[in-house]
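Here is the structure we will look at.
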Amino acid sequence: MSQGEVISIVRSAIWVLIEAAGPAMMVGLVVGLLISMVQAVTQVQEMTLAFIPKILAMFAAILIFLPFMMSTLSDFMNQIAARIASLH
């Protein structure tokens, strides 16, 4: 396996990681931003107010996007397995 192939695999792995984790992370970002805006307007600085809704929203996003995440990871694994099989 050449250095170029390894770089290509690592680049693909990073992209798959971004695709798989992206939806849940974006939901967490949006919910966190909304909570921060509500806290700034109401001047309520409760720590659990920021974490609990964000965690619940991220769990819901993971449940909703789980089929997409699994298909992305499965496709990547099939590509890696095909590369391994073509080596021998």
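Read the figures in this text as sums done on the coordinates, not as results from a lab. Only a predicted model underlies this, so the values are computations on that prediction, with no experimental measurement involved. A quick note on method: Cβ atoms are made from the backbone with ideal geometry, for glycine too, and the neighbour counts reach across all protein chains shown.
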> How large is the helix-only mean residue ellipticity at 222 nm for the chain, computed as the sum of -39500 (n - 2.57) over DSSP H runs with n ≥ 4, divided by its residue count, in deg cm²/dmol to the nearest 500?
Replying inline: -34000 deg cm²/dmol
> Just one of (1) 41; (2) 45; (3) 9 is percent of Cα pairs over 23 Å apart as worked out from the coordinates here. Which one is it?
Replying inline: (2)
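Restricting to DSSP loop positions (anything but H, G, I, E, B) with no more than 11 other Cβ atoms inside 10 Å of their own Cβ, which trypsin sites (Lys or Arg not before Pro) remain in the chain?
none
Relative contact order of the chain: what whole-number percent is it, with Cα pairs under 8 angstrom and at least 6 residues apart? Please report the intermediate quantities before stating the final value.
Values: 38 pairs, mean separation 37.2, N = 88.
This gives 42 percent for the chain.
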> On a 0 to 90 degree scale, rounded to 10, what angle separates helix 47-87 from the longest Cα axis of the chain?
Replying inline: 10
> So how tilted is helix 3-42 from the main axis of the chain? Cα-based, degrees 0 to 90, rounded to 10.
Replying inline: 10
